[in-house]
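What follows is one structure encoded as structure tokens, with my remarks underneath.
Readers should treat all values here as calculations from the given coordinates under stated rules, not as data from a laboratory. Not measured: the values here are computed from a predicted model. So basically every Cβ, Gly included, is an ideal-geometry build from the backbone, and we count neighbours across all protein chains shown.
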Amino acid sequence: MKELIELIIKGIVDKPDKIEISQVVGEKTLIFEVKVDPDDLGKVIGRQGRNIKSIRTIINAAAQKDNKRVIIEIIN
């Protein structure tokens with residue numbers, strides 16, 4: 001999952017080397033905390049949150065086969 005999130009976000013941002021993703025594992029939930037460069041924050045979120053909603057949809061669809069719930073948080 002972490003690699004998939006990183007791959008998607010690297011395609012969006014201008015400074016892919018500044019991406020940091022940390023993972024917190026729960027029993028049924030995976031929480032990913034994503035840090036990007038402040039200049040790229042708007043690109044990751046998108047207009048009215050469309051980009052991050054799409055990323056969350058893709059990741060949750062991939063997590064369904066493992067019966068896990070995935071939460072992606074953008075941290076500045």
TODO: Please give the length that would be gained between ASN67 and ILE31 if that part of the chain were fully extended, namely 0.36 nm times their separation in residues minus their C-alpha to C-alpha distance (nm, one decimal).
DONE: 11.5 nm
Task: Bridge type composition, the chain - antiparallel percent by DSSP, nearest 5 - done: 45
- [ ] Treating the angle as unsigned and between 0 and 90°, give the value, to the nearest 10°, between the Cα long axis of helix 2-12 and the longest Cα principal axis of the chain.
- [x] 30
Open item on the list: Quick check: pseudo-label points 7 Å beyond the Cα along Cα→Cβ at ILE21 and THR57, how many nm apart are they?
Closed with: 1.9
- [ ] On a 0 to 90° scale, report how tilted helix 50-63 is relative to the longest principal axis of the chain, with both axes built from alpha carbons and the result rounded to the nearest 10.
- [x] 30
TODO: Let me have the 222 nm mean residue ellipticity of the chain computed from DSSP H runs of 4+ only, each contributing -39500 (n - 2.57), with the sum over all residues rounded to the nearest 500.
DONE: -11500 deg cm²/dmol
Open item on the list: On a straight-distance basis, which lysines could pair with LYS28 in a cross-link, Cα separation under 26 angstrom, same-chain partners fewer than 8 positions away excluded?
Closed with: LYS2, LYS53, LYS65, LYS68
Task: Check: the stretch 2-75 dipole with +1 on Lys, Arg Cβ and -1 on Asp, Glu Cβ, in debye - done: 400
TODO: May I ask you to list the trypsin sites (Lys or Arg not before Pro) in the stretch 23-76 that are in a DSSP loop and have at most 15 other Cβ atoms within 10 Å of their Cβ?
DONE: LYS28
